[in-house]
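The values are calculated or read from the model by the stated rules, or taken from the named source; none is laboratory data. Remember, predicted model here, so these are calculated numbers, not experimental data. No Cβ is skipped: glycine too gets one built from the backbone with ideal geometry, and neighbour counts run over all protein chains shown. Note: accessible area is taken over every heavy atom of the protein model, side chains too, but ligands, DNA and RNA are not part of it. Shrake-Rupley method; radii C 1.70, N 1.55, O 1.52, S 1.80 Å.
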Amino acid sequence: MRKFMVAGNWKLHGSESMLKNWMADFVTNDQSAKGIDVALCVPFLYVPQLSDSAPRSLIVGAQDVSAHASGAHTGEISAAMLKDVGAQLVLIGHSERRQHHGEDDALVRAKFKQALAQGLMPIICVGESQQQRENNETFAVIERQLAAVIDLLDADNAGQCLLAYEPIWAIGTGLTASAEQAQEVHQFIRSQLASKDVTMARQIRLLYGGSCKGSNAFELFSMPDVDGGLIGGASLAAEDFVAICRQANKLLDKKQSN
């Protein structure tokens, strides 16, 4: 059975005091020791503070990584630098990076290679816009995004690599994706992975990244191909984030008792 992961993404939010207070609340209610993986991705500046203050059970994550190992790339942060200050995981190709910063599939591939080279756990994000969904292009978009990285995935690294499905149309729009809609795309993603390597497809974890919260996490995570969530706004308050973790552990307990 694949291990559930709940990964928070603070996006462009945070301060030293916010992280200190969040961590105090999280440690009091830490759910990760009960059987799920829990990660938090913060802006670069706060990765060292997170690394220093996080319990060993919390996976330290960054929100982006450079496609370059070193050189004349002012403002970039390399995978080695992230590793040096304590990062264990990194988001790659987040929908906001693709939409607002012009990141294409080739750049996502280059960043993925850098993360793999340094032993960082990558979460590769894929997903379609509302217009693409309305035009029935969901599977074509996902297939194209996966094609950029699928040859770099194999049974040896599948346990350390994750994919996150972000239905862009269901993030901050007032629209919501049903558990069945999420499962449909997750199942398609796994079928694409299986076309290359069935063992890899069974191992790699697929996270759902579309407005997941405590009230719908159990239903979403109950889907056979949904292995957890990439959490945005609901990760900013430790109480809200832990509520999602609790639902993952509740489902884990149910599965283990069956």
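Values as computed for the structure displayed
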{"item": "Single condition residue 89 does not satisfy, out of (1) free of Cβ contacts under 8 Å to residues at least 40 places away in the same chain; (2) buried (at least 19 other Cβ atoms within 10 Å of the Cβ)", "result": "(1)"}
{"item": "Residue 195 vs. criteria closer than 23 Å to residue 243 by Cα, small (Gly, Ala, Ser) and surrounded by fewer than 20 Cβ atoms within 10 Å (Cβ to Cβ)", "result": "no"}
{"item": "Matching residues in the stretch 4-49 - criterion: being part of a helix (DSSP H, G or I), β-branched (Val, Ile, Thr) and modelled with pLDDT of 95 or more", "result": "47"}
{"item": "Pair list, Cβ under 7 Å, 6 or more apart: the stretch 148-171 residue in contact (Cβ under 8 Å) with a residue 24 or more places away in the chain, other residue among the aromatic types (Phe, Trp, Tyr) and open to solvent by less than 10 Å² (accessible area, probe 1.4 Å)", "result": "149/112; 152/112; 165/208"}
